[in-house]
Amino acid sequence: DGVAQGRAIKCKLCTKILKKIQILAGDNPDEAAVAAALQKGCQLLGRTLGKLCQWVVKKYQDQITEGLQNGDTPQDICTAMGICQS
């Protein structure tokens, strides 16, 4: 099923992006650390993924920031954003 496959790919990309950002933000990040990590993380992913990353970050910045500050896993954050299914 193409839709489910597309969703699985988006979910995988979302968790990959957020894992990278989570590492850059460090443990117990403040808002500035998360913002810097979001920007830097997208640059590290290369041109194609970087563009997708920037779109995700723009659209979901508040949810990503909150999730990282709460110590949520990338999978949990992507599920909360509706990109992954629980």
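Every read-out reported here was derived from the displayed coordinates using simple, explicitly stated rules and does not represent laboratory data. None of the values given here were measured: they were computed from a predicted structure. Glycine also receives a Cβ, built like all others from the backbone with ideal geometry; neighbour counts cover every protein chain displayed.
Structure above, values below:
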| item | result |
| --- | --- |
| Gain upon complete extension [Gln63, Lys19; 0.36 nm per residue less C-alpha separation] | 14.4 nm |
| Whole-Hz couplings from phi, Karplus 6.51/-1.76/1.60, listed for region 24-29; x for Gly and Pro | 5, 6, x, 7, 6, x |
| The chain: equivalent-ellipsoid semi-axes (sqrt of 5 x gyration tensor eigenvalues, Cα, Å) | 21, 15, 9 |
| In nm, spacing of pseudo-spin labels at Arg47 and Ile9 (7 Å Cα→C-beta vector) | 1.9 |
| Under 18 Å from Lys10, Cα to Cα: lysines that are on another chain or at least 8 residues apart | Lys19, Lys20, Lys51, Lys58, Lys59 |
